[in-house]
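Asker: Sharing a structure, written as structure tokens. Questions coming.
Values quoted throughout were computed directly from the atomic coordinates according to the rules given, and no laboratory measurement underlies them. It should be emphasised that the depicted structure is a prediction, and the values quoted were computed from it without experimental measurement. All Cβ positions, even for glycine, are placed from backbone atoms using ideal geometry, and neighbour counts span all protein chains on display.
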């Protein structure tokens, strides 16, 4: 069983990882459509960064939760 402090810290970590993925996604969109990196935007690089951010925001928290579940099952 996980105590309240650990659960709260895990929730904050889980939420922060999702937020970072979302931030990376929006940075990629900004690179695609604005003059952030070069004049006229850079659609190819921006799309890759946006895709990486979306994947990070979707899958990284689930992998982290899976790791925590395995750790809790071992009793560590």
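Asker: Sum -39500 (n - 2.57) across every DSSP H segment of at least 4 residues in the chain, then divide by the residue count to get the 222 nm mean residue ellipticity, nearest 500. Intermediate values should be presented prior to the final figure.
Answerer: Values: 2 runs with 62 residues, N = 76.
Roughly -29500 deg cm²/dmol at 222 nm, from the helical runs in the chain.
Asker: What is the distance, in nm, between label points placed 7 Å from the Cα along the Cα-to-Cβ direction at residue 69 and at residue 12?
Answerer: Label at residue 69, label at residue 12, 2.5 nm between them.
Asker: Further question: Helix 4-33 sits at what angle to the longest principal axis of the chain, using alpha carbons and giving 0 to 90 degrees rounded to 10?
Answerer: Taking Cα atoms only, the helix is inclined about 10 degrees.
Asker: Sticking with this one: Which whole-number percent gives the relative contact order of the chain, counting Cα pairs below 8 Å spaced six or more residues apart? Present the calculation step by step, with values, prior to reporting the outcome.
Answerer: Working: 77 pairs, mean separation 25.9, N = 76.
Once normalised by length, the contact order is 34 percent.
Asker: Taking N as the number of residues in the chain, what is its alpha-carbon radius of gyration divided by 2.2 N^0.38 Å? Don't jump to the answer; show the numbers that get you there.
Answerer: Details: Rg = 16.8 Å, N = 76, 2.2 N^0.38 = 11.4 Å.
Dividing the Cα Rg of the chain by 2.2 N^0.38 Å gives 1.47.
Asker: Taking the Cα atoms only, what angle lies between the long axis of helix 43-74 and the longest principal axis of the chain, rounded to 10 degrees?
Answerer: The helix 43-74 is inclined about 0 degrees to the chain.
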